[in-house]
């Protein structure tokens, strides 16, 4: 585990966690480490963390991408692992049906 994950977990165990420390250390994690860090937490706590992340990172600091990243993770953490076998499967799963652009008429 990384130092940021250790700090995230230690701060979260405190009776009155400092939410800025929690969110800063969670935000410092790569997604492959963030998901296992969030997995053992209850759904209510993951939702609370996502709300605090939006409040601290977006409202207070103006970092919209970081809030989106943390908000995405709690919904995926407990059990969903996405596997794509081909690019076509990825696009169908991620982006809906492909858009067909008609060829330009011959000039």
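Readers should treat all values here as calculations from the given coordinates under stated rules, not as data from a laboratory. On a predicted model such as this, the values are computed, not experimentally measured, just so you know. Cβ coordinates were reconstructed from backbone atoms using ideal geometry, including for glycine residues, and neighbour counts include every protein chain displayed.
Distance between the 7 Å Cα→Cβ label points at residue 68 and residue 44: 3.1 nm. Packing, taken as the mean count of other beta carbons within 10 Å per residue, orders the peptides 25-38, 52-65 from highest to lowest as 25-38, 52-65. Here r is the Cβ-Cβ distance between residue 55 and residue 3 and R0 is 22 Å; the resulting FRET efficiency, rounded to 0.05, is 0.35.
Pull out a ≥ b ≥ c, the square roots of the eigenvalues of the alpha-carbon gyration tensor of region 3-80, then state rounded if a/c is under 1.5, prolate if not and a/b is larger than b/c, and oblate in the remaining case. Don't skip to the answer; put the middle values down first.
Values: a/c = 1.39, a/b = 1.09, b/c = 1.27.
Because its axes are fairly even, with a/c under 1.5, region 3-80 counts as rounded.
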